[in-house]
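> Attaching a single structure in structure tokens format; questions to follow.
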Amino acid sequence: MRFSLAVLSMLALSHIIGCSSDSKQESTSQKGTITTEAAAEPSVAKPTATEPDSTEAPAKTISRTGDATLDSMSYAPSEAILPKKRIFAYYGNPHSKKMGILGKYPKEEMLQRLDKEIKNWEKADPATPIQPALHLVAISAQGAPGKDGGYRLRMSDKTIKKIIKWGDEHKAIVFLDIQRGHANLKGEMEYLEKYLKLPFVHLGIDPEFSMVTGAKPGTKIGSYDAADVNQAVQFLSRIAKENNLPPKVLVVHRFTQGMIKNYKNIKLDPNVQIVMDMDGWGPPVLKKDSYKAYIEKEPVQYTGFKLFYDNDFRKPGSRIMTPEEVLALTPKPMYIQYQ
């Protein structure tokens, strides 16, 4: 399926964390609340037209996927990223300015901003090299069921390949994020499998949009059980082993207690590096408190922290945390994401 830019901009309505909807939910932390945004009646995008073609030439071939376009990718990391490097990601979707920094600006300006921001983090911690990353919402939760009742919209091959190509050109790794809605996690991972065979493409899963209760995305906060996380770990581990790849990185977003259940049952795998990413926006004191309550107290392997260029300023007196403040957290986050 292919979609026009105008229609795909509706994707922003489906995104609860950090979009610009005025409908809000609050989750309680030990010292207050950290705010997330709930979309008001998001709609499924309908196919209307093809996406614009890319005319840029591909890079050299590495032959991994059997796809002529994907096999033209050249960036191939040869070893595990964590903990030797800190991952620094820009998040969003190129069809929506409201979903995150990845789609807010034209490609070249966005990448320049990424590089400039990385320099701030290098100054804060000169001892840890930074691995740039682009984090694409590749499967977006929707407020309407769609033809198969999945309450999610898969990005086209064209969109996903475009971001992968941007990453390849910029020597940035790429994360493909799943907001599964009512769809089966296994089926959504299988849709992305051909991309995950590339050595620099990794996976994100968002429990907020895992609607195990049957609710519509945007009306309740969803969840994953340890069994779901283990399913994703096993899926990535198989891909890494079958394709002789360095360990894959799995980012799991979280900002409430209930979003991840039975965390002690999550099983580590040498072929996968698990990052528990502290999501949600709000004043620094509340973000720090949520990190302590949901990430520090329930560790898995590596930790991450999300910052919002717009929403972290929404409450009176709020501001975005500095790199030094984030790096003072325990454990020190090894994955940083800006939306």
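The values are calculated or read from the model by the stated rules, or taken from the named source; none is laboratory data. Keep in mind the model is a prediction, meaning the values are calculated, not measured. Glycine also receives a Cβ, built like all others from the backbone with ideal geometry; neighbour counts cover every protein chain displayed.
> Can you tell me which residue among Gly149, Gly143 is over 23 Å from Pro106 (Cβ atoms), assigned to a loop (DSSP other than H, G, I, E, B) and in contact with a helix residue (DSSP H, G or I) (Cβ under 8 Å, 6 or more places away or on another chain)? Spell out the reasoning first.
Numbers: Gly149 fails: in contact with a helix residue (DSSP H, G or I) (Cβ under 8 Å, 6 or more places away or on another chain).
None of the others qualify; the one that does is Gly143.
> Looking at this structure, is Tyr75 in a strand (DSSP E or B) and surrounded by 16 or more Cβ atoms within 10 Å (Cβ to Cβ)? Write out each step before concluding.
Working: in a strand (DSSP E or B): no; surrounded by 16 or more Cβ atoms within 10 Å (Cβ to Cβ): yes.
Against the criterion (in a strand (DSSP E or B) and surrounded by 16 or more Cβ atoms within 10 Å (Cβ to Cβ)), Tyr75 does not qualify.
> Next question, about the same structure. Residues that are among the charged types (D, E, K, R) and farther than 23 Å from Gln339 by Cβ: does the range 172-185 have at least one? Walk me through how you get there before you give the answer.
Within the range 172-185, the first condition is being among the charged types (D, E, K, R), and the residues that meet it are 177, 180.
Remaining after also requiring farther than 23 Å from Gln339 by Cβ: none.
No: the range 172-185 contains no residue that is among the charged types (D, E, K, R) and farther than 23 Å from Gln339 by Cβ.
> Picking from Asp125, Asp115, which residue would you name as being in contact (Cβ under 8 Å) with a residue 12 or more places away in the chain, surrounded by fewer than 17 Cβ atoms within 10 Å (Cβ to Cβ) and over 19 Å from Phe305 (Cβ atoms)? I'd like the intermediate steps shown before the answer.
Details: Asp125 fails: over 19 Å from Phe305 (Cβ atoms).
Matching residue, one of Asp125, Asp115: Asp115.
> Condition check: modelled with pLDDT under 50, buried (at least 20 other Cβ atoms within 10 Å of the Cβ) and either under 30 Å from Gly218 (Cβ atoms) or in contact with a strand residue (DSSP E or B) (Cβ under 7 Å, 6 or more places away or on another chain) (or both). Does Ser96 satisfy that? Talk me through it step by step, then tell me what you get.
Values: modelled with pLDDT under 50: no; buried (at least 20 other Cβ atoms within 10 Å of the Cβ): yes; either under 30 Å from Gly218 (Cβ atoms) or in contact with a strand residue (DSSP E or B) (Cβ under 7 Å, 6 or more places away or on another chain) (or both): yes.
So Ser96 fails the test.
> Is one or more of the residues making up the range 260-270 in contact with a Lys or Arg (Cβ under 8 Å, 6 or more places away or on another chain), at pLDDT 95 or above, part of a strand (DSSP E or B) and within 27 Å of Ala80 (Cβ to Cβ)? Steps first, answer last, please.
Filtering the range 260-270 for residues in contact with a Lys or Arg (Cβ under 8 Å, 6 or more places away or on another chain) gives 260.
Filter once more, keeping what is at pLDDT 95 or above: 260.
Now narrow it down to the ones that are part of a strand (DSSP E or B): 260.
If we keep only those that are within 27 Å of Ala80 (Cβ to Cβ) too, we end up with 260.
Yes, the conditions are met somewhere in the range 260-270.
> Quick one: Gln257 ticks every box in (1) touching an Asp or Glu at 6+ places or on another chain (Cβ under 7 Å); (2) of a type in the set (S, T, N, Q); (3) modelled with pLDDT under 95 bar one, so which box is it?
(1)
> Let me ask something else about it. Failed condition for Lys147, given (1) within 22 Å of Asn244 (Cα to Cα); (2) surrounded by fewer than 22 Cβ atoms within 10 Å (Cβ to Cβ), with all others met?
Only one criterion is unmet by Lys147, namely (1).
> Collect the residues in the range 167-213 that are without any contact (Cβ under 8 Å) to a residue 24 or more places away in the chain and hydrophobic (A, V, I, L, M, F, W, C), keeping them in residue-number order.
Answer for the range 167-213, where residues must be without any contact (Cβ under 8 Å) to a residue 24 or more places away in the chain and hydrophobic (A, V, I, L, M, F, W, C): just Val212.
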